[in-house]
Amino acid sequence: MRIDPALQVRLLDLSTCRTRLDGIAARRESLPERAEWTRLQAEAARSRTDSARARLAAKDLGMDLRRLEADLEKMRRREADDRRVLGAVGDARTRRDIEHDLRSTARRREALEARIAEVRDHRDALQMHAGAAGGDVDDRLAAARRALDAADAALVAEREELTAEAARLRAGVEPGLLARYDALEEEVGIAVARLAGRQCRSCFMDLDPATLREFAALDVDEVAVCPECLCWLVRPETIEAGRR
Ligand SMILES: [Zn+2]
């Protein structure tokens, strides 16, 4: 197979672009800022669920609280009634009964007051948790996103440059050859690589002396194929002829 050396060099540059684009994609994926952002997204989702649960529980406790406060109000009215009756009755036995009722109501009222204070504290704590937890993780999530965007910006700029360069290189290759190049890339990953000394720079294997002797006998426009990975190898003499 013969391909003009300048075109071989162009395809080599195109293949290098592709390798560098793959490298950038991998580096963008493995940014520690991306891992942190992903982790915080999960945390934010958990926190939103927690907040929603806490809000719901606080609402339930608020309903309990109103019921308990209504009970308390009833007890206070009962105590007031007892005291009024006590002021008006002279009969000793009736007074004893009322005094007994007053003491027992007061005990139950005190217990109820303690219970109400407890429920109110619990509800307030839940309301605070529902409000504060969400805000904090949202702030950290926004900061993590900014850090990720900053770390990513240089890689994105580099990717755009390389994408434009690849498009420019492709524009200078006739469609039939470009289709063969794309098919080869699809098949072997790296379609075109340099021969550096004895080494194929696609699969990094050292080629055997017989193969190297065959390559040395080829014209500069003849394409060498790596026997290990099947990529097209561009030899130094072809590069020299192609860049002239
Ligand atoms: Zn190879």
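The values are calculated or read from the model by the stated rules, or taken from the named source; none is laboratory data. Keep in mind the model is a prediction, meaning the values are calculated, not measured. Reconstructed Cβ throughout: ideal geometry from the backbone, glycine too, with neighbour counts over all protein chains shown. Areas reflect the complete protein model, heavy atoms only, side chains present, ligands, DNA and RNA absent. Shrake-Rupley method; radii C 1.70, N 1.55, O 1.52, S 1.80 Å.
List of remarks:
- Here Arg10, Arg46 are screened, and the one residue that is surrounded by 14 or more Cβ atoms within 10 Å (Cβ to Cβ) and either of a type in the set (Lys, Arg) or not in a helix (DSSP H, G or I) (or both) is Arg10.
- Qualifying position, being free of Cβ contacts under 8 Å to residues at least 12 places away in the same chain and within 30 Å of Ala44 (Cα to Cα), among Arg180, Arg146, Arg168, Arg140: Arg146
- Condition met for Leu155 (touching a helix residue (DSSP H, G or I) at 6+ places or on another chain (Cβ under 9 Å), assigned by TED's automatic domain parsing to the domain that holds Asp81 and of a type outside the set (D, E, K, R)): yes
- All conditions but one from (1) aromatic (Phe, Trp, Tyr); (2) on the phi < 0 side of the Ramachandran plot; (3) in a loop (DSSP other than H, G, I, E, B) apply to Tyr181; the one that does not is (3).
- Test result for Leu40, open to solvent by less than 50 Å² (accessible area, probe 1.4 Å), farther than 30 Å from Arg235 by Cα and either out of contact with any strand residue (DSSP E or B) (no Cβ under 9 Å at 6 or more places or on another chain) or small (Gly, Ala, Ser) (or both): yes
- The set of residues in the range 224-244 being open to solvent by 20 Å² or more (accessible area, probe 1.4 Å) and on the phi < 0 side of the Ramachandran plot consists of Val225, Pro227, Glu228, Cys229, Trp232, Pro236, Glu237, Ile239, Glu240, Ala241, Arg243, Arg244.
- Here Arg194 meets each of (1) part of a helix (DSSP H, G or I); (2) under 30 Å from Ser30 (Cβ atoms) with one exception, condition (1).
- Test: Glu186 is over 24 Å from Ile24 (Cα atoms) and away from the ligand (no atom under 11 Å from the Cβ): no
- Restricting the range 198-223 to residues that are hydrophobic (A, V, I, L, M, F, W, C) and near the ligand (Cβ under 10 Å from one of its atoms) leaves a set whose member that is surrounded by the most Cβ atoms within 10 Å (Cβ to Cβ) is Cys200.
- Criterion (open to solvent by less than 60 Å² (accessible area, probe 1.4 Å) and part of a helix (DSSP H, G or I)) met by exactly one of Met75, Met63: Met75
- Failed criterion for Leu155 (all others in (1) under 19 Å from Asp22 (Cβ atoms); (2) more than 28 Å from the chain's Cα centre (by Cα); (3) away from the ligand (no atom under 16 Å from the Cβ) hold): (2)
- Hits in the range 233-244 - residues which are more than 10 Å from the ligand (Cβ to nearest atom), within 21 Å of Asp206 (Cα to Cα) and not in a loop (DSSP other than H, G, I, E, B): Val234, Pro236, Glu237, Thr238, Ile239
- Top-ranked residue of the range 162-174 - restricted to ones that are hydrophobic (A, V, I, L, M, F, W, C) and part of a helix (DSSP H, G or I), ranked as farthest from Pro32 (Cα to Cα): Ala171
- Test: residue in the range 139-161 that is part of a helix (DSSP H, G or I), β-branched (Val, Ile, Thr) and modelled with pLDDT under 95: no
- Test: residue in the range 169-178 that is under 23 Å from Ala25 (Cα atoms) and open to solvent by 40 Å² or more (accessible area, probe 1.4 Å): yes
- In the range 216-244, the residues that are acidic (Asp, Glu) reach residues that are more than 10 Å from the ligand (Cβ to nearest atom) with C-beta atoms within less than 6 angstrom, at least six apart or across chains, in these pairs: Asp221/Arg2; Asp221/Asp4; Asp221/Pro5; Glu222/Arg2; Glu237/Val220.
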